[in-house]
Amino acid sequence: MKKSIAILSIIACGACVSASACTGISLFAKDGSYIQGRTIENAHTELPSFYVIIPQGKKITAYTPTGKNGITFKAKYGVVGLSVVEEEFIAEGINEAGLSTGLFFFPKYGSYVSYSERENNYTIGDLQLNEWLLSQFATVEEVINNIDKVKIVGLDKSSVVHWRIGDATGRQVVMEIVNGKVHFYENSVGVITNSPGFEWHLTNLNNYVNLQSGDAKSQPMGKDTLQPMGGNSGFLGLPGDATPPSRFVRAAFFRATSPMRDNGLETVWQCFHLLNNFDIPIGIEHPLGKAPNMPSATQWTSVIDLTNRKVFYKTAYNNNIRCIDLKNIDFKKIKYQVHPLDVEKKQPYEIVEIH
């Protein structure tokens, strides 16, 4: 499939610039299952979204800013990915070995090395990096040890992202590229949003050291006594806006106070419940009366069970949760496939008749 890279870059850049409110969290189950979930947003237009199945042995050529002429590689592992705009641009995915990667918009703080056409044979566009990582590696450690084998460039100057990378052991890192240098950060807090950098977000959490689950204690104030006015007063002051710093803080506290469930499937449902708090209503990012005709800025939400190799997702048009089980796929025999997340854009419902 040959595309104009100029048009491709404009479309991809436009989607990523708008998709600035993505939120990621992770949870563990009592049985050891490890789960990663995320939302993906686009506040201006509907974001074309697909699920992609990549078989073992699939030959892939990467995009660069001048065409589909970057590094060429064969898939070592089978992959299931959720893509945006173009099928090659996997925003979130997992391979059969249990490695999962996701990209999150990172404007103004990330910056790649300069593109050189002479280095095309090992160059890959940032929006396609997940396709390479998932098809080649099984663990976070392998990614860290091999990331210098490719040159990561932006398909457009304003297309800047950072990555969440996790594996079935429960290890998770954030990868950021600043001034062309790759940095990995262990993500023990289990949360990712967007700009500023990951270390800044960790520092910012200290501003909320007073927050606690449950109710705040009554406090004397002169001759009066201040008392909680309702449940969860211990979280009074938790930021509720949709900016990346506020979402990071909110997600970190929601995750930290979330009870651990017994198994992977129960934890998947828990993850969806937590991520419901990060749905972006379409009206809040536009002047009054100027919002586009979409159900939500949150285009879709995915939850991936890295232990049991399952991808779950729902969309703005269909809140029914669907599942792709990698254990039911023979990646040695299946052919490369691309399917829209929504076959038709309407919410199915069932009428319950009361007799």
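The values are calculated or read from the model by the stated rules, or taken from the named source; none is laboratory data. Remember, predicted model here, so these are calculated numbers, not experimental data. Reconstructed Cβ throughout: ideal geometry from the backbone, glycine too, with neighbour counts over all protein chains shown. Remember, those area values only see protein heavy atoms, side chains included, never the ligands or the DNA or RNA. Shrake-Rupley method; radii C 1.70, N 1.55, O 1.52, S 1.80 Å.
In table form, for the structure just shown:
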read-out: Identity of the residue in region 222-236, of a type outside the set (F, W, Y) and surrounded by 11 or more Cβ atoms within 10 Å (Cβ to Cβ), that ends up farthest from the chain's Cα centre (by Cα); value: L226
read-out: Scan of region 266-295 for residues that are among the aliphatic types (A, V, I, L, M) and either touching a Ser or Thr at 6+ places or on another chain (Cβ under 6 Å) or at pLDDT 95 or above (or both), ordered by number; value: V268, L274, L275, I280, I282
read-out: Region 64-84: number of residues that are over 21 Å from the mean Cα position of the chain (by Cα), assigned to a loop (DSSP other than H, G, I, E, B) and buried (at least 19 other Cβ atoms within 10 Å of the Cβ); value: 4
read-out: Among the candidates T257, T298, T307, residue that is open to solvent by less than 80 Å² (accessible area, probe 1.4 Å), modelled with pLDDT of 95 or more and in contact with a strand residue (DSSP E or B) (Cβ under 7 Å, 6 or more places away or on another chain); value: T307
read-out: Within region 85-137, tally of residues that are among the hydrophobic types (A, V, I, L, M, F, W, C), part of a strand (DSSP E or B) and within 16 Å of the chain's Cα centre (by Cα); value: 6
read-out: Which listed residue is in contact with a Phe, Trp or Tyr (Cβ under 7 Å, 6 or more places away or on another chain), open to solvent by 70 Å² or more (accessible area, probe 1.4 Å) and at pLDDT 95 or above, from E176, E199; value: E199
read-out: Test: residue in region 273-292 that is open to solvent by less than 30 Å² (accessible area, probe 1.4 Å), part of a helix (DSSP H, G or I), of a type in the set (A, V, I, L, M) and under 30 Å from D215 (Cβ atoms); value: yes
read-out: T257 vs. criteria farther than 30 Å from Y77 by Cβ and of a type in the set (V, I, T); value: yes
read-out: Scope region 242-254; condition within 20 Å of Q212 (Cα to Cα) and open to solvent by 20 Å² or more (accessible area, probe 1.4 Å); matching residues; value: P245, R250, F253, F254
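Yes/no matrix, rows are residues, columns are (1) free of Cβ contacts under 8 Å to residues at least 12 places away in the same chain; (2) of a type in the set (F, W, Y); (3) assigned to a loop (DSSP other than H, G, I, E, B):
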residue	(1), (2), (3)
A168	no, no, yes
Y185	no, yes, no
G230	yes, no, yes
G237	no, no, yes
G240	yes, no, yes
F248	no, yes, no
